[in-house]
Amino acid sequence: MLFRELLEDFLQCLGLISLISIGYGFFVRLRPVWIGQLATGASIAAAAAISMAVPVVIDGLFFDLRHVFVLISMMYGGPVGLLLTVLVTAAFRAWTAGPAMAAGLVGIGLSAGASIVLAHYVPKVSVSERALFLLGASFISLLSLFLLPGSMLTTAINKVVVPLTVANFLGVSIAVLLLEIKRTRWTHEVQLANDARFDLLTGIRNRRVFDRVAPRLVERSVRQQKPVGVLMLDIDRFKSINDTYGHHAGDEVLKRVAHLLDDAARAGDLVARFGGEEFAIVLPGANEAVSRSIADRYRSVIQSASIVVDGKVIPVTASIGFYVVESIEDLEKILRKADSALYRAKTNGRNRTEGWQPNQLSLAYGQPIIRR
């Protein structure tokens, strides 16, 4: 009879876990993050309340699997989810009252503490170590049984401790398995999305994003009757850096320069790695004077930076060409004009800023863009 009732309670717990898992697959996508945590916490708290509403009754004692839900609340609902689940379960237990109320409230507190520990360690450990953590967490709430009156404690130890520990362990293990599948899938989706938007080496936006976003920024500025500056920046003598210090040093230089550019950018500017050692920057609202000033600031920041690789200081400078757009133009034409200005900066001595000039048109269209 007892086994059947515990089995029914366990199967009910599995059903609730499945519903939480389905909801979590949606809630984890909500932004800001706390909204998703609140929704997840609410679903976990509701499941715990349902479990407590249909307990297994043994000699006047009420047992349920609320601790499964308290244990997972911090891992998947965050502090908001934990607080909500603890408040709901504690309020429900206080409302039912009875001689075992103190033990029930202490058990909830113990599970809440275990939930915090699980949230900190479970994502970092191996599968076998995770099982040990979950087993210990499943057992810890049962320590509160020692607060029961003598006869109730004897009944609990003789009839409930072992099956309830097993049920708690299996319940929380299955919950973690299902929810981790959902979280891993979401993390993978986010990573794929980031890989499609950000340059893997430097971490700033990539050419794909630039080609998609830059025309929008140009069009918006032009429609607002504002100029927009487009900069092409190239690291000077980058091949020499690779040859002298090694390709790993070249990679470090690229990363450092990218971070310098990104940090120095204004709000609303677009900074992207265009390819190789070249970067492209869009400056909405920037006329020729502003574009030149910003370009010179970028050069100064790069030149004054102390880039150290393997204990060696690598001197780095950059050349910049820019073009100011004042009417709707094709992005390829814009980039060719900025690139022709960059070509002039290179041929005039490097580490300088040059703006596009109309007499450079034949050079821009007559020659392919060469990445230097």
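The values are calculated or read from the model by the stated rules, or taken from the named source; none is laboratory data. Note that the structure is predicted; figures quoted are calculated from it, not measured. Here Cβ is always computed from backbone atoms with ideal geometry, including for glycine, and neighbour counts include all displayed protein chains.
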(Q) Which of the numbered conditions does Val166 fail, given that it passes all the others? Conditions: (1) hydrophobic (A, V, I, L, M, F, W, C); (2) in contact with a helix residue (DSSP H, G or I) (Cβ under 8 Å, 6 or more places away or on another chain); (3) modelled with pLDDT of 75 or more. (A) (2)
Q) Taking interchain pairs and intrachain pairs at least six residues apart, which have beta carbon atoms under 7 angstrom, with the first residue in region 321-337 and in contact (Cβ under 8 Å) with a residue 60 or more places away in the chain and on the phi < 0 side of the Ramachandran plot and the second crowded, with 24+ Cβ neighbours inside 10 Å and of a type in the set (D, E, K, R)? A) Gly321/Asp339; Tyr323/Lys337
Q) In the list Leu231, Leu254, which residue meets the criterion of being modelled with pLDDT of 90 or more and closer than 17 Å to Gly203 by Cα? A) Leu254
Q: Could you please give the count of residues in region 186-207 that are in a helix (DSSP H, G or I) and at pLDDT 85 or above?
A: 1
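Taking Ala137, is it farther than 30 Å from Val282 by Cβ, in contact with a helix residue (DSSP H, G or I) (Cβ under 9 Å, 6 or more places away or on another chain), in a helix (DSSP H, G or I) and touching a residue at least 12 places away in the same chain (Cβ under 8 Å)?
Working: farther than 30 Å from Val282 by Cβ: yes; in contact with a helix residue (DSSP H, G or I) (Cβ under 9 Å, 6 or more places away or on another chain): yes; in a helix (DSSP H, G or I): yes; touching a residue at least 12 places away in the same chain (Cβ under 8 Å): yes.
Yes, satisfied.
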Q) Looking at (1) β-branched (Val, Ile, Thr); (2) surrounded by fewer than 18 Cβ atoms within 10 Å (Cβ to Cβ); (3) touching a helix residue (DSSP H, G or I) at 6+ places or on another chain (Cβ under 7 Å), which is the one condition that is false for Val80? A) (2)
Q | Of residues in region 27-49 being surrounded by fewer than 16 Cβ atoms within 10 Å (Cβ to Cβ) and modelled with pLDDT under 90, the one nearest to Asp64 (Cα to Cα) | A | Trp34
Q) Mind checking whether some residue in region 100-119 is loosely packed, with under 13 Cβ neighbours inside 10 Å and more than 26 Å from Ala42 (Cβ to Cβ)? A) no
